[in-house]
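Student: The structure under discussion is supplied below as structure tokens; questions concerning it will follow.
The values are calculated or read from the model by the stated rules, or taken from the named source; none is laboratory data. Computed from a prediction, not measured in an experiment: that's the story for all the values here. All Cβ positions, even for glycine, are placed from backbone atoms using ideal geometry, and neighbour counts span all protein chains on display. Heads up: the accessible areas ignore ligands, DNA and RNA and are worked out on the full protein's heavy atoms, side chains in. Shrake-Rupley method; radii C 1.70, N 1.55, O 1.52, S 1.80 Å.
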Amino acid sequence: LDTHAIIHRAYHAIPELSSPSGEPVGAVYGLAAMLMRIAKELEPDYLCACYDLPGPTHRHEVYKEYKAKRPKAEDALVSQFALSRKLLAAFGIPLYEAPGFEADDIIGTIAVSAKKELDVIIASGDMDTLQLVDDSRVRVFTLRKGIQDTVLYDEKAVEQRYGFGPSLIPDYKGFAGDPSDNIIGIPGIGEKTATALLLRFGGMEAVYAVLKKTPEKFSSAGFSPRIIELLRTHEDEAEFSKVLATIRTDAPVAFSVPAPFREAIDVSRITAFFTDLGFRSLIPRLSFLTEGERTTTFEKKRSKTEIPETRPLPAADPNDPLFPESAVMLWLTNSELTNPTPEDVLNNTRSKSMAEAHRALREKIETEGLLRVFEEIEKPLIPVIANMNAHGILVDKEYLEALSKEYHAELDMLAKKIHARAGNEFNINSPKQLGDMLFGTLGIGVTGKRRKKTSTGQLSTRESELAKLKDEHPVIEEILSYRALQKLLSTYIDAIPPLLDGNGRLHTTFVQSGTTTGRISSQDPNLQNIPIKTELGRRIRKGFIAPPKYALLAFDYSQIELRLAAVLSGDAKLTAIFARGEDVHTAVAAYMFGIPEREVTEEMRRRAKVINFGILYGMGVNALKENLGTSRSEAQEFYNRYFETFSELSAYLSKTRSFASRTGYTTTLFGRKRYFPGMRSALPYVRAMAERMAINAPLQGSQADMIKLAMVRIHRLFSENPPWDASIVLQIHDELVFEIRKAFVPEAAAAIRGIMEGVISKEEAHGVPILVSGETGPRWGDMEDLS
């Protein structure tokens, strides 16, 4: 394993992955995934890993500018090298390194030694190792793009890539140089000429032998006098560059064939390591390591009965009655571990059974002061969620089918407009073809502001990137509309009808532990993401209906995050706004601009709304500037004025940030904790991100607690009133939707409103009224206000 090369490639392919502790782990994840892929696909008998060490190498001693142009490794990458060593230790893989030598030299030395007895495969993300390929024994398994696209090189594959064999790669770099390593080669000779020289004359020694004895052969072979002169003038540079590019095979490492990979591995240790780093998706892939049969070289030499099996993982039964409680408790103690599986429960508690895990988690819940949240909110919510998932909601299939025809016709029309602007038809859904059309054919966005690129080096066509170009060409708006419409069709309109049961009901899966904030999530399909800001999105809601003789009833908490901000901070001005029943954004705008509320314009109110919500999400001055569409100085002034006006809110946010920095967590009004290990990270950007999330966590978490507690109490209300035949059918952010017999809507509505508005007692609310708005009707998207 060329460990450094793989880690570097993985780091750039998976740059933003963090562990539960907030540390960057994308490179280690990529290395782990690559390692498991190698183990499964190539079935090696033995594995070893080679490392670079910090400090100069023998190449630097003779050429100080070696690799001088490479940027300094980012802290987020450097921090992962130590973790990678722990990963390899968990897999029982020995490490080889030597001061003054690069990993390539260690690899070359081991390959030469090992190939006397074994077939050797070098796994690397660095093409330099291709010079070691030897058809009799040595091949290279390397990455082409990202960490998924791989190729196994033998001599034929090397020749297909370069036009010549592996042994000439150092000669090639001697002529053409290697910018990535700052190897100069011969100035003025590029890859094409270097290849032509090697194909015509052979290696570097042969080139110069011919040049000195029969130089006329160069002219007859089509090489210009300029090239001939460059070769003569820079012979020393060429030979020196070849030496730098040649992998050494005499590094001071004492290689010996390690223990068989199959015997050295410890699945339980790997599972624990993956669990600690949050690599949940990799754990199920470990199963191949405990499967019995393999047909590798090593096993052909020994009886299968002699091979010790690795210890299997503990049995995890999703039907164990203790699992749903256990999973919720695990999530409460580790908010980043959403929707835990049975394996997660056992792995994170290091337990052999669910009963053992349950006992450990119960003890931890009590120790960490989370008993109230568990006993009063989460535990009684388990059957409520189960009932919602089983009950489902009725869908008007014919309505969605008609909507599908209409939206597909609109989609076709948009496609024709886009193709007309491009001058030809292409696959709009292909990022590459779309990028070629936008940035190539139409020349959009090729100058000016730097643009994000994909891992393959192409300009990104992500929605956020295209939105920056909306003013440059009308086709951008059409593409964004096309994508939005296609998403509605593929995610909801066309996807929902096949999911309906025999009674026409849709059973989405609500997950009470599905988010880090405490909120409920929805999946298969996610009904919480149906867009409501556009008419195209709102019309989908009309497809959700009540059965005959029933009605849908919906209640939505009004401006709950800002009300909770007033409750938690005790800010007198903010509290007074809500106590007077004023529109909070208009009232804040009046404070900010120093005018009566009646003089507040729509633009003023918009600005107040931006900062009201932005401040609660940790928005800084730069982000405020972008959202307000103003200068930085004006945004700073607006920012300062807001905090001067609502000084108690400002103090509360600072106190929350300080508390999270000191303790590593924040708490909600009800005692729920959200943990932020990133607060103690050595990396500034990790800490900053954790601080921003911590500011909003008590608000979002309290909001989640309120609606969950309301669901528990409303479910109990329904069970106490069987004639209502009422059920909770949807939970969408701050909204609850119920299905109930029409005759009981007025009675039920009054009781539901009372529960939802009374979840926080008047004493806890400190004078801030908690209000809900209600609607009822036959369709979710077509309701009338409850008076």
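Student: Considering region 641-661 alone, what residues qualify as being under 19 Å from Phe593 (Cα atoms) and of a type in the set (Val, Ile, Thr)?
Tutor: Thr645, the sole residue that qualifies.
Student: Here is a check on your reading of the model: is Thr333 hydroxyl-bearing (Ser, Thr, Tyr) and under 19 Å from Asp276 (Cα atoms)?
Tutor: Criteria met by Thr333.
Student: For region 152-178, enumerate the residues that are part of a helix (DSSP H, G or I) and acidic (Asp, Glu).
Tutor: Hits for region 152-178 are Glu155, Glu159, Asp171.
Student: For Phe659, work out the one condition from (1) more than 28 Å from the chain's Cα centre (by Cα); (2) open to solvent by 10 Å² or more (accessible area, probe 1.4 Å) it doesn't fulfil.
Tutor: (1)
Student: Let me ask something additional. With the structure loaded, tell me whether Leu289 is open to solvent by less than 30 Å² (accessible area, probe 1.4 Å), among the hydrophobic types (A, V, I, L, M, F, W, C) and under 30 Å from Ile38 (Cα atoms) or whether it fails that test.
Tutor: It is true that Leu289 is open to solvent by less than 30 Å² (accessible area, probe 1.4 Å), among the hydrophobic types (A, V, I, L, M, F, W, C) and under 30 Å from Ile38 (Cα atoms).
Student: Another one. Which is farther than 29 Å from Pro166 by Cα, free of Cβ contacts under 8 Å to residues at least 12 places away in the same chain and outside any loop (DSSP other than H, G, I, E, B), of Ser281, Ser268?
Tutor: That would be Ser281, the only listed residue that is farther than 29 Å from Pro166 by Cα, free of Cβ contacts under 8 Å to residues at least 12 places away in the same chain and outside any loop (DSSP other than H, G, I, E, B).
Student: Separate question: Within region 346-402, how many residues are touching a Gly at 6+ places or on another chain (Cβ under 7 Å), among the β-branched types (Val, Ile, Thr) and over 17 Å from Ala327 (Cα atoms)?
Tutor: The total comes to 1.
Student: Does any residue of region 684-694 turn out to be part of a helix (DSSP H, G or I), more than 30 Å from Val25 (Cβ to Cβ) and not acidic (Asp, Glu)?
Tutor: no
Student: Here are some residues: Lys64, Lys72, Lys86. Which one is more than 18 Å from His8 (Cα to Cα) and open to solvent by 40 Å² or more (accessible area, probe 1.4 Å)?
Tutor: None of the others qualify; the one that does is Lys64.
Student: Applying the selection to region 402-425, what residues are at pLDDT below 90 and either part of a helix (DSSP H, G or I) or touching a Cys at 6+ places or on another chain (Cβ under 8 Å) (or both)?
Tutor: Residues satisfying the conditions are Arg421, Ala422.
Student: Residue by residue through region 772-784, note down the ones that are aliphatic (A, V, I, L, M) and within 36 Å of the chain's Cα centre (by Cα).
Tutor: Scanning region 772-784 gives a single hit, Val772.
Student: In region 631-654, what residues are surrounded by 15 or more Cβ atoms within 10 Å (Cβ to Cβ) and part of a loop (DSSP other than H, G, I, E, B)?
Tutor: Phe646, the sole residue that qualifies.
Student: Sort through Ile428, Ile393 and tell me the only one that's in contact with a Lys or Arg (Cβ under 7 Å, 6 or more places away or on another chain) and either open to solvent by 80 Å² or more (accessible area, probe 1.4 Å) or touching a residue at least 12 places away in the same chain (Cβ under 8 Å) (or both).
Tutor: None of the other options fit; the residue is Ile393.
Student: Which of the helices (runs of 4 or more DSSP H) contained wholly in region 179-247 include at least 3 residues that are open to solvent by less than 40 Å² (accessible area, probe 1.4 Å) and farther than 20 Å from Phe164 by Cα?
Tutor: Qualifying helices (runs of 4 or more DSSP H): 225-233.
Student: Of the residues Thr601, Thr586, which is open to solvent by less than 40 Å² (accessible area, probe 1.4 Å), out of contact with any Gly (no Cβ under 9 Å at 6 or more places or on another chain) and under 24 Å from Ser558 (Cβ atoms)?
Tutor: Thr586
Student: Could you run through region 7-25 and say how many residues are part of a helix (DSSP H, G or I) and modelled with pLDDT under 90?
Tutor: 6
Student: Return only the number of the condition from (1) more than 22 Å from Ala710 (Cα to Cα); (2) open to solvent by less than 10 Å² (accessible area, probe 1.4 Å) that Gly594 does not satisfy.
Tutor: Condition (2) is where Gly594 drops out.
Student: Something else about it: What number goes with the only condition from (1) part of a helix (DSSP H, G or I); (2) in contact (Cβ under 8 Å) with a residue 24 or more places away in the chain; (3) open to solvent by 20 Å² or more (accessible area, probe 1.4 Å) that Glu398 does not pass?
Tutor: (2)
Student: Suppose we filter Lys468, Lys487, Lys453 for residues that are modelled with pLDDT under 85 and out of contact with any Leu (no Cβ under 8 Å at 6 or more places or on another chain); which single one remains?
Tutor: One residue alone meets the criteria, Lys468.
Student: Across region 146-171, which residue is farthest from Ile38 (Cα to Cα) among those that are free of Cβ contacts under 8 Å to residues at least 40 places away in the same chain and surrounded by 20 or more Cβ atoms within 10 Å (Cβ to Cβ)?
Tutor: Leu168
Student: Just a yes or no: is a residue in region 663-673 assigned to a helix (DSSP H, G or I), open to solvent by 30 Å² or more (accessible area, probe 1.4 Å) and not hydroxyl-bearing (Ser, Thr, Tyr)?
Tutor: No, region 663-673 contains no residue that is assigned to a helix (DSSP H, G or I), open to solvent by 30 Å² or more (accessible area, probe 1.4 Å) and not hydroxyl-bearing (Ser, Thr, Tyr).
Student: When you go through Leu118, Leu77, Leu143 one by one, which is the residue that is in contact with a Phe, Trp or Tyr (Cβ under 8 Å, 6 or more places away or on another chain), within 22 Å of Leu17 (Cα to Cα), crowded, with 16+ Cβ neighbours inside 10 Å and of a type outside the set (D, E, K, R)?
Tutor: Only one candidate qualifies: Leu77.
Student: Could you check region 336-382 and list, in sequence order, the residues that are part of a loop (DSSP other than H, G, I, E, B) and either β-branched (Val, Ile, Thr) or buried (at least 17 other Cβ atoms within 10 Å of the Cβ) (or both)?
Tutor: Glu336, Leu337, Thr338, Pro340, Thr341, Ser351, Leu370
Student: Looking only at residues that are touching a residue at least 40 places away in the same chain (Cβ under 8 Å) and open to solvent by 40 Å² or more (accessible area, probe 1.4 Å) in region 121-135, which one is nearest to Leu42 (Cα to Cα)?
Tutor: Ile121
Student: Give me the strands (runs of 3 or more DSSP E) completely within region 722-786, filtered to those with at least 3 residues that are open to solvent by less than 50 Å² (accessible area, probe 1.4 Å), ordered by residue number.
Tutor: Where strands (runs of 3 or more DSSP E) fall fully within region 722-786 and carry at least 3 residues being open to solvent by less than 50 Å² (accessible area, probe 1.4 Å), they are 727-732, 735-741, 772-779.
Student: Of Ser569, Ser558, which residue is closer than 29 Å to Gly781 by Cα, among the hydroxyl-bearing types (Ser, Thr, Tyr) and touching a residue at least 24 places away in the same chain (Cβ under 8 Å)?
Tutor: Step by step, each of Ser569, Ser558 is checked, and only Ser558 is closer than 29 Å to Gly781 by Cα, among the hydroxyl-bearing types (Ser, Thr, Tyr) and touching a residue at least 24 places away in the same chain (Cβ under 8 Å).
Student: Going through region 481-535 one residue at a time, which ones are of a type in the set (Asp, Glu) and in contact (Cβ under 8 Å) with a residue 12 or more places away in the chain?
Tutor: Selection gives Asp494, Asp501, Asp524.
Student: Only residues that are part of a helix (DSSP H, G or I) and open to solvent by 70 Å² or more (accessible area, probe 1.4 Å): list them for region 707-721, please.
Tutor: Matches in region 707-721: Arg713, Arg716, Ser719.
Student: Further question on the same structure: If the requirement is being of a type outside the set (Ser, Thr, Tyr) and within 29 Å of the chain's Cα centre (by Cα), which of these qualifies: Pro383, Pro340?
Tutor: That would be Pro340, the only listed residue that is of a type outside the set (Ser, Thr, Tyr) and within 29 Å of the chain's Cα centre (by Cα).
Student: Oh, and also: If I go through region 593-630 residue by residue, how many of them are part of a helix (DSSP H, G or I) and either closer than 28 Å to Met689 by Cβ or polar (S, T, N, Q) (or both)?
Tutor: 19
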